[in-house]
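Computed from the coordinates by the stated procedures, all read-outs in this text should not be read as laboratory data. What you are looking at is a predicted structure, and each value in this text was computed from that prediction instead of being measured. When we count neighbours, we look across all protein chains shown, and the Cβ atoms used for this are built from the backbone with ideal geometry, even at glycine.
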Amino acid sequence: MKASLKWLGDYVDIKLAPRELAERLTMAGLEVKAIQTMGDTWDKVVIGEVVAVNPHPNADRLKLATVNLGTEQITVVCGAPNIGVGQRVPFAHVGARLINGYTGEAMSLKPAKIRGIVSAGMVCSEKELGISDNHEDILVLPPEAPIGVALATYLGDIIFDLDVTPNRPDCLSVVGIAREIAALTSEPLRLPTIHYEEVEDSINLFASVSIVEPDLCPRYCASLITGIKIAPSPNWLQQRLNSCGMRPINNVVDATNYVMLEYGQPLHAFDYRKLKSGQIIVRRAKNGETIATLDGTERALNPDILVIADKEKAVAVAGIMGGVDSEVTDKTDTILLESANFDQATIRRGCGYLQLQSEASVRFDKELNNELPLLPLKRATQLLLELAGGRAAKGVIDVYPGKSAPKLISLPTQEVERLSGVKVNIDEILKVLKALGFECQENNSGSQILVSVPYWRSYIKCSADLVEEVVRIIGYEKIPITRLSSPLPPQKSKLSPVAQQSNLKDKLRNILTGFGFQEILTYSLVSLEKLQKLSPRLELKVQPLKVANPMTREQEYLRTSLRSGLLSTLAHNQKFESAGIRLFEIGKVFLPHNPPVIATEAKQSQVERELPQEKDMLCAALSGTRLELSWHTDKEMLDFFDAIGIVENILNQLGLKASFENSDDEGLFPRKGANIIVDNDLIGILGELHPKVVQAFELLGVTYLIEIDLEKLLTKLTGTKQYQPIPRFPSVTRDIALVIDEQVHYRRVEEIIQSFPLVTRITLFDIYRGEQIAEGKKSFAIRIVYQSPSHTLADEEVDQTQEQMLARLRKELGATLRG
Amino acid sequence: MLEQLRDLHTQALDELDEIDNSRALELWRVRHLGKKSTLTKILRSLATLPLEERPRIGTQANEIKKALESSLEEKEKLLQEALLTSPLKSLRLDVTLPGRPLPTGRLHPTTQILNEICDVFKNMGFQVIEGPDVEWDYYNFKSLNIPQHHPARDMFATLWIDTDAGETARLLRTHTSPMQIRMMERERPPIRVIVPGRAYRYEATDATHESMFYQVEGLAVDKGITLADLKGTLFDFCRCLFGKERKVRFRCDYFPFVEPGVEVAIGCSGCDGTGCRLCGYSGWIEILGAGMVHPDILARVDIDPELYSGFAFGLGVERVPMLRYGIDDIRLFYSNDLRFLRQF
């Protein structure tokens, strides 16, 4: 909403500087987004009188206008068709800052030779002054405009651009904003007095209103004016509309718009003669009914849309836009003026169906009060009689099925302090509320105030709303600064599943960044293609949830895997990064079907489908060189065993030990993927990414992937750690080299060695294949540490254990000691 | 035998004089004091000597051993000192050579800021909980005083989940506020929680708008909680995150689920309050909406609004690093370009 300071000044004395006033309004909830000064660039523009207009000797369309500026007369070239002797006009001297009428860009006026005539200055159009888009005509000022005076003094204004919150439809009007200023600055509010002459004939002789849907149209008021003359509005009115960003059209439309801006009540003028039998019927549109609206569009209607109809057809979409057929034109001589109220939800739905909004619908969508329409109707009737002549029929039509009593709220005086912490005495409360138009009655003890809510504040519904009114007018800056003093709730156990889960996520983030992984956060919404591309056969394991109204196809489905975001990010960064990249994300995936639980939390009565399962996952990717290029290191590439090592270390830090078995995850390279097993349960996978997936995501080179289900991991963390005494007796270290068949996995060797109680540590430190051993065999070099918690080991004891160990390795795995 | 010992001693000392580096010294030690040295051999063979020679030779050999050991120690000290005081430039390490690289990782800037924010509130006794991203219309809107067709729905352009006919509408939460209701349904006062999480909007993206962003919701409910407590809590928070020099504005604003309502803005870092593109020429940047929990909402979750009161706030997380680091495009956060992420 734009509001002119000059206009506001009609209703309230404004003594604060504009910036200060804006600050007060903003603090009180009515945010001033911008302050625009009309005329702050007009320092070289003055008011002049056109004293002569002569043809340009060299151009048919141009004229030479002589302008009297009081102290001098200047002749300039002018192309406007409307220039005439006797007019008061804005005259720009050389150097004036104007807007180029053709390009719309700011410019500084320079002397020019136009078709051989030197022109030092210019008579300005509204566009050149930045008032409106009108460039055709020069701006003609009222005859009383003082010659020689700076235009800024006469026409300048300050425009507040206000961001009005949905609860303040009253501030979509100049009067509403003025009332706010009056309350904030303790100034009285002056409202216009409304009075006009009526003729003998009652309006009921000419027109009738029937409301078929009283729930959707609680009130419909109308007046009738005959014998009017359509003409452009006077200058002052056009200026005011322009200042609020509305385009002047003619005196009738301008008057209705003016009153809408003034009071916040949308009005509509019908050409009475185009309404069949002068009948107004407020009803739902019929199926298949159409209407051509004022914007020139033919629109299909449906029964959810409310229309104003005459006996035959719809003549307006109620509260949204009038119809072309009943539009006021140059020939109109009688108008029926509508001032009504419509159901907010119906207007909102209608705007949605029609994809149409108007200044009127924006206001109706904020739930205007049923008491509002009558006063603005009379104000507009008065204004129309002044502007367009004519005679008003006697009385108004006022069909009012939705009348209700004013709302009463009981406000305990203590409530202001209880909620706001600001000590306010009852007199101050009463003063603020009364200034805002609330009627107040206190009880004898002064402990309660019975407050009657004025009709323009329909969003005030409870005592907390009144507390806000009091505190915001007193000023939020007066609220003291205190700290919470209420008792702390009992602290949740760190061992609760919820605490552990968020704790686990933090821990993992720290571990992974420590291992050189950069954390990323990617969108929850992805494209279907990206999810499909995770499978070499482009198949979806889980059908993802779809968004009904996606912004883009790139963000249409809820991710069922973190892989797509991670791999896309990897591909993007490979374009810029030459060294190896390690990325991870910890976040939710969305699986459409939650495991069945009884929906106890949901309040609705009907049976609900459960919300999707939102599951925390960890996904990491690594590719490229192990370390960045340096003089210390060879260009070693990250490989499968980096991935294994990272997982082993993550789990180790959490106090867990993983085992690995071959995986058939289809996103991984066949035979080069591993399942991560903890306590016999699969908690994730790792491995080399399938080449087709690599290709689909346009990745450069081999990529390794790690994925861990955090819920499953969490279930493994339930055991508390148990302290082990630090060994007191020395250990014995032995290295062995075992020759074994290629197909025997290392884990089986390790399991046998591990099964001997004296063994405390096993390290595989070399794998050899080659000339020195038979084909189809490999050699494991293993370091074994023996230690006893109870005594110092004797060599013989270790020898004996190792012999038994080798015997078992030979028997069960065919392993021999390498000679 | 005694003579042999004396020669051995003299020879060892002569050799020691010539030594000028620690490697040669180690070789000398092995040669003269090691397991296979003559001196060791003599000491080991004492038992084979005639009984009357044993004490003399034994004493002599042990004395020589001790003497050599202390000479060795002395030489070691000398060499060490020489190394420390050597004027030789060639011995100097080129300390300007780059170090050995380590793979380095960082937390996403949003995570870093979330951790900071949560820490501040944890210190004030708030507990951290999380909630679902996919919500019912009930929790996201209706229970928060935003019924269908309420004009305030314009403030929350919504991404809806595709739903079969007859199913209840689900959506991607447009704010973290649904957790206020879930929390108050579960717990009784005193309540003091914060809820970090993702929120989503049906919104064309530009430098200041994202379709996905993070919020931190806060909620405190008990007897006697006031707007002044909210102001104190949020001022403390702003001071912790932006420093005590930064201006903070606490003004009236409207959100259907709080009454009285509040907006908190902090002085723009781009222009120091004089107005620039970053703050839309207002000098202020809004960072959170807040207010006293609406009495209708307390009543809805069976908390008596005449006895209890509470405050709630919703903070836009990305605003914080944008202000602090002068990031002028919110889209940088979730496009995850390493050249961006590695700056934090």
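Structure above, values below:
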| quantity | calculated |
| --- | --- |
| Length added when fully stretched, A:N54-A:L189, from 0.36 nm per residue minus Cα-Cα | 43.5 nm |
| Label-zone membership for region B:270-292, site A:D163, 7 angstrom Cα→C-beta point, backbone N under 18 Å | B:270-291 |
| Computed magnitude of the charge dipole of the protein assembly as shown (debye, nearest 20; Cβ of K, R +1, Cβ of D, E -1) | 1120 |
| Efficiency of FRET from Cβ geometry, A:N649 and B:F340, R₀ 30 Å, rounded to 0.05 | 0.60 |
| Estimated distance in nm for a label pair at A:L528 and B:L307, the labels positioned 7 Å out from Cα along Cα-to-Cβ | 5.4 |
| Lys/Arg +1, Asp/Glu -1 at C-beta; the protein assembly as shown dipole; positive extreme among A:G319, A:N510, A:I225 | A:N510 |
| Per-residue Cβ neighbour rank within 10 angstrom, fewest leading, A:I708, B:I19 | B:I19, A:I708 |
| Order of A:R88, B:R29 under a 10 Å beta carbon neighbour criterion, fewest first | B:R29, A:R88 |
| Percent RCO, i.e. relative contact order, over region A:45-155, from Cα pairs under 8 Å lying at least 6 residues apart | 30 |
| Options B:L16, B:S71, B:W28, ranked by Cα towards positive dipole end of region B:2-91, top entry (Cβ charges) | B:W28 |
| Efficiency of FRET between A:N82 and A:L294 - r from beta-carbon atoms, R0 25 angstrom, step 0.05 | 0.40 |
| Charge sum, other residues only, whose C-beta stays under 13 Å from A:P412's C-beta, Lys/Arg counted +1 and Asp/Glu -1 | -3 |
| Computed [θ] at 222 nm, helices only, for the protein assembly as shown once each DSSP H run of length n ≥ 4 contributes -39500 (n - 2.57) | -8500 deg cm²/dmol |
| With Cα atoms, 0 to 90° folded angle of helix B:109-123 axis to chain B main axis | 80 |
| Hydrodynamic radius (Kirkwood) for the protein assembly as shown, which is based on Cα pairs only, to one decimal in Å | 37.6 |
| Chain A - percent relative contact order, Cα under 8 Å, separation 6 or more | 8 |
| Cut-off 19 Å, label 7 Å out along Cα→Cβ of A:A499, residues of region B:104-131 by amide N | B:118-131 |
| Residue among B:L43, B:L97, B:L114 with the largest mean-square fluctuation in a Gaussian network model of chain B, springs linking Cα atoms under 10 Å | B:L43 |
| Region B:1-62 - charge dipole about Cα centre, Lys and Arg +1 at Cβ, Asp and Glu -1, debye rounded to 20 | 480 |
| Subset of A:K33/A:K378; A:K15/A:K478; A:K672/A:K716; A:K541/A:K778; A:K394/A:K434; A:K431/A:K461 violating a 30 Å alpha-carbon distance limit | A:K33/A:K378; A:K541/A:K778; A:K394/A:K434 |
| B:D164 paired with A:Q613, simple spin-label distance in nm, labels 7 Å along Cα-to-beta-carbon | 1.9 |
| Spin-label proximity, A:S659 to region A:721-758 - amide N less than 19 Å from point 7 Å beyond Cα toward beta carbon | A:743-758 |
| Label point distance in nm, B:E116-A:S578, each placed 7 Å from Cα along Cα→Cβ | 3.4 |
| Relative contact order for region A:207-256, counting Cα pairs under 8 Å that sit 6 or more residues apart, in percent | 29 |
| Order of B:M292, B:M183 - criterion: other Cβ atoms within 10 Å of each residue's Cβ, fewest first | B:M183, B:M292 |
| Modelled FRET efficiency - R0 30 Å, A:E698 with A:T763, Cβ distances, 0.05 increments | 0.15 |
| Theoretical gain in end-to-end length, A:Y746 to A:E428 [0.36 nm per residue, Cα-Cα removed] | 106.0 nm |
| Region B:109-341: C-alpha pair distances exceeding 29 Å, % | 26 |
| Whole-Hz couplings from phi, Karplus 6.51/-1.76/1.60, listed for region A:225-235; x for Gly and Pro | 10, 10, x, 7, 10, 6, 7, x, 6, x, 3 |
| Solitary cysteines of chain B, where the nearest other Cys Cβ is not under 4.7 Å | B:C118, B:C238, B:C240, B:C252 |
